[in-house]
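Every number here is computed from the coordinates shown, using simple stated rules; none is lab data. None of these values were measured; they are calculated from a predicted model. Neighbour counts are summed over all protein chains in view; Cβ atoms, including those assigned to glycine, are modelled from backbone coordinates with ideal geometry.
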């Protein structure tokens, strides 16, 4: 088994089995990964509060023989979304995370993309309620440009229409 440590943004979580969760992370050192945290839904689980969606965390991952990753340790650096955020802000963060997950196909380190995603999640905290659609469109366009789809989102839509991404 191999042990890895990295910073990550929790983009999504899914309940699996009786007490486990599957986490979709975007990591600084490995790109998009999926990892299981065992027993985090139990009442006395210590990792639960650190592994909330939109948290910036330091994680320790173990790669098992079959290639699956497990989260053994997590320490939150802070939540990118403020605790008492209005529903429109929560929706913005969810749409940004969903778009990121759909665009990122495989684990691949990309420092430019890591900085872009992190910077935009931080900037999204300050977006006014009426500006969320514009901010999301700018995020998608910038993301598409970094991924090599050109200056605007329309070109990315053409290439990604088969994947139901945009």
| query | Relative to the longest principal axis of the chain, what angle (0 to 90°, nearest 10) does the C-alpha long axis of helix 87-103 take? | reply | 90 degrees
| message | Starting from the 7 Å offset along Cα-to-Cβ, what nm value, one decimal, do you get for the label separation of residue 84 and residue 41? | response | 3.1 nm
| said: Between residue 68 and residue 110, what's the calculated FRET efficiency when r is the beta-carbon distance and R0 is 25 Å? Round to 0.05. | reply: 0.65
| query | At residue 91 and residue 4, where each label point lies 7 Å from the Cα along Cα→Cβ, what is the point-to-point distance in nanometres? | reply | 3.5 nm
| task | Return one number: the angle in degrees, 0 to 90 and rounded to the nearest 10, between the long axis of the Cα atoms of helix 111-124 and the longest principal axis of the Cα atoms of the chain. | result | 80 degrees
| note | Length gained, residue 122-residue 58, 0.36 nm per residue minus C-alpha separation, equals 21.4 nm
| Angle between the Cα long axis of helix 132-146 and the longest principal axis of the chain, 0 to 90 degrees, nearest 10? | 80 degrees
